Amino acid sequence: MNDLERKILGDVSLDVPWALVEDYAKMPRWRPEDVNGGVDHLVGVLGRLGVPVTVHEPEIYLSIPLHAAVTVGNQSFRAKPPSMSISVPQGVEAELIHLPTNPKNIRSYTRNPAEIFLDAGADLPSRVKGRIVIMGGFANPGTCSLLEEWGAVGVIAVNPGIDIHWGTCTTIWGSPDLDDLPRKPKIAVVAVNNPDGKQLIEHAGAGKKGRIVTEMQEGWFKQKVPVVDVPGAADKEKFVFLHGHLDSWDVGVGDNATGDATMLEIARVLWKHRASLKRSVRIAWWPGHSTGRYAGSTWYADAFADDFDANCVAQIDCDSPGCRWATSYHQTTTMTETEAHVMRAIKDVSGVDGKAKRPNQAGDYSFNNIGISSYFMLSSTMPDELRAEKGYYAVSGCGGNIAWHTENDTLEIADKGTLMTDIKIYLLSTLRNANDDVLPYDWRATAKEFAGTIATYQKAAGGAFDLTPAKDALDKLATALDRFYAGIAAGTVSKPAANEAQMRLGRVLVPINFTREPRFRHDPAFTCPPLPTLAAAAEVPGLPEATRGFGKTQAMRGQNRFVAAMREAQRIVAQAMA
Ligand SMILES: [Zn+2]
């Protein structure tokens, strides 16, 4: 850490952020009017601190769960509908069928039946048609969309524990547009707890009928989006983007009042020290994360797309920091080019070595299609040994506390010590991202990641598809990148040119590694494999003879997109060295 970093981090205090955590612990923030109330409260705090804030008021599309139940005969079970289930107050009744699910994949966003179900026989679609499916885990969008496609009329997700978790079941990212609408869920989905789920599985075994009732409030809602802009003193146009969701399930302390508090304290401290910032730092708090599948961040990405394309150097997602027992950083989400930067901030603040994880197609990563280098979302988490010792199942937030997405995510889930550490980690990485003369990214590491991905796909494809053109194009880029970084070190590549090139590389290399849809659209919310356009090559040998030709056609088109992207990236690097 340099002197300035030490001085700025030394100004971090828990007074303001912990007060917000305590206030939000008493304020449910999932109904649209309560989310706006939470924003008003935050805006009041920022005002008292003298930090200017802009409040946007877009209309975004939300689905708020009001009520759900499952009945079999005259027996009734408690249930919660995930956001975006259809509303069937009159109920839907059908024969129950139990599909045992792979316990390792209950959190996953995959749509691959072989990964989801223990018995993924070819007759699965005909078995579920017209029935209500009981499955293990969470009502994930990938699974629900698959079951809907197969003709299931309802889904009951049996959560792993005693509590019922809220969630969402749509694959549509943000407010739907006309092209997205066909993917809007058309079936009733609910979650039940484990003991009730076991009884329901018995009823399914006995061939009984079940009934699902759901009541949802769905439509366009005016939601407030507060944004703080801390202007950089030197390169004001360019900005580092720090953001996280303000809406939560119930009072959502660990997910995400602690994140809101982290961003509040960073806004306060950076505003105070704005004269020492090179680039600008922009901080946003979202509505519509839980009930709109990231509709707040998606709206912002759409509304300011041109600004992001021209000026955003990084997006940093702040979700579930500062939670009880979360002293490990072994599952820190980061894109490969920012990995070293992120790990250095974690080590410098906490003394702990972190471990990077590829970001899921989830959280408020609504900027992948524009092509923004990204890190965090989840940061600190419980050590695996502690999780095992407590008998906790895996969840997607709250630092691994299973209070995640339940009524139990209350004040005790937040931890002052962890919050202090996490605020400093977020602050230090944001500060360096704004102040480093040369953006702290290593695109050589990304190229290396790509090489590994291509090798894996080629091995799986065997002789069925040749990825040599992709490999050759990547090799050329890797060589150019070696010269580029050598040029930066030697001073033959100017710093402004190096920074512009690094930002432009993001616009090409992030979409090619994380998206299938074009830029300025949004990919669906299920797993996107690395270098998705090349992934088809790996599947060719496994395809039935009759469809192999289609698979090869897809792989050929995907390879074309990849090769063109590598050439574009090479041009960007060449221009910087000219
Ligand atoms: Zn969250």
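The values are calculated or read from the model by the stated rules, or taken from the named source; none is laboratory data. The structure displayed is predicted, hence computed values, not measured ones. All Cβ positions, glycine included, derive from the backbone under ideal geometry; neighbour counts span all protein chains shown. Quick note on the areas: whole protein, heavy atoms, side chains included, nothing else; ligands and nucleic acids left out. Shrake-Rupley method; radii C 1.70, N 1.55, O 1.52, S 1.80 Å.
Structure values in brief
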| quantity | calculated |
| --- | --- |
| Fraction of accessible area attributable to carbon and sulfur, the stretch 197-238 (%, probe 1.4 Å) | 45 percent |
| In order through the stretch 38-53: 3J(HN,Hα) via Karplus (6.51 cos²θ - 1.76 cosθ + 1.60), integer Hz, x for Gly, Pro | x, 5, 4, 4, 4, 4, x, 5, 4, x, 5, 7, x, 9, x, 9 |
| Per residue accessible area of the chain, 1.4 Å probe, in Å² | 38 Å² |
| Tensor-based shape of the stretch 289-330 (alpha-carbon gyration tensor, a/c under 1.5 rounded, otherwise prolate or oblate) | oblate |
| Measure of compaction for the stretch 505-578 (Cα Rg per 2.2 N^0.38 Å) | 1.28 |
| Of all accessible heavy-atom area on the stretch 5-49, the percent that carbon and sulfur account for (1.4 Å) | 50 percent |
| Contour minus Cα-Cα distance for K208 and A234 (0.36 nm per residue) | 2.4 nm |
| Paramagnetic reach from K222 in the stretch 32-63 [backbone N under 17 Å; point 7 Å along Cα→Cβ] | 32-41, 55-62 |
| Cα gyration tensor, the stretch 389-535 - rounded (a/c under 1.5), prolate or oblate | oblate |
| Amide proton proximity set for W286, modelled H, under 5 Å, gap of 5+ | G244, H245, L246, D247 |
| Directionally averaged projected area (convex hull, Cα atoms, the stretch 374-452), nm² | 7.7 nm² |
| I132 - accessible surface, heavy atoms, 1.4 Å probe, Å² rounded to 10 | 0 Å² |
| Cys residues of the chain counted as unpaired, since no other Cys beta-carbon is under 4.7 Å | C312, C318, C323, C398, C528 |
| Order by protection proxy (mean Cβ within 10 Å, highest first), peptides 565-572, 386-393 | 565-572, 386-393 |
| Unit charges at the beta carbon, dipole of the chain: most positive-side option, A497, T338, H289 | A497 |
| Apportionment of accessible area to carbon and sulfur, the stretch 293-415, percent (1.4 Å) | 48 percent |
| Cα centre as origin, Lys/Arg/Asp/Glu Cβ charges: the stretch 287-353 dipole, Debye | 420 debye |
| Magnitude of the charge dipole, the stretch 180-239, Cβ model with Lys/Arg +1 and Asp/Glu -1, debye to 20 | 320 debye |
| Theoretical gain in end-to-end length, K355 to A451 [0.36 nm per residue, Cα-Cα removed] | 32.5 nm |
| Segment Q199-E95, length gained on full extension (0.36 nm per residue, minus Cα span) | 36.0 nm |
| Label-point gap, in nm, between R548 and L66 - each point 7 angstrom along Cα→Cβ | 5.6 nm |
| Cβ-Cβ FRET estimate between N112 and M556, R0 fixed at 22 Å, reported to 0.05 | 0.45 |
| Taking all pairs of distinct alpha-carbon atoms in the stretch 203-362, Kirkwood radius in angstrom | 18.1 Å |
| Amide proton proximity set for C528, modelled H, under 5 Å, gap of 5+ | Q361 |
| Principal semi-axes in Å for the stretch 1-87 [√(5λ), Cα gyration tensor, largest first] | 41, 18, 13 |
| Separation of the D11 and T479 label points, Cα + 7 Å toward Cβ, nm | 4.9 nm |
| Mean Cβ count within 10 Å, highest first, over the residues of peptides 454-463, 322-331 | 322-331, 454-463 |
| Ranked packing of 261-268, 301-308, most packed first, by mean Cβ within 10 Å | 261-268, 301-308 |
| Gyration tensor (alpha-carbon) shape descriptor, the chain, a/c threshold 1.5 | oblate |
| Förster radius 30 Å - calculated FRET efficiency between E215 and K26 (Cβ-Cβ, nearest 0.05) | 0.70 |
| Charge sum, other residues only, whose C-beta stays under 11 Å from A569's C-beta, Lys/Arg counted +1 and Asp/Glu -1 | +4 |
| Bins of 10 Å from zero: percent of alpha-carbon pairs in the stretch 163-296 | 10, 27, 26, 20, 10, 5, 2, 0 |
| Relative contact order (%) - criterion: Cα under 8 Å, at least six apart; region: the stretch 188-304 | 32 percent |
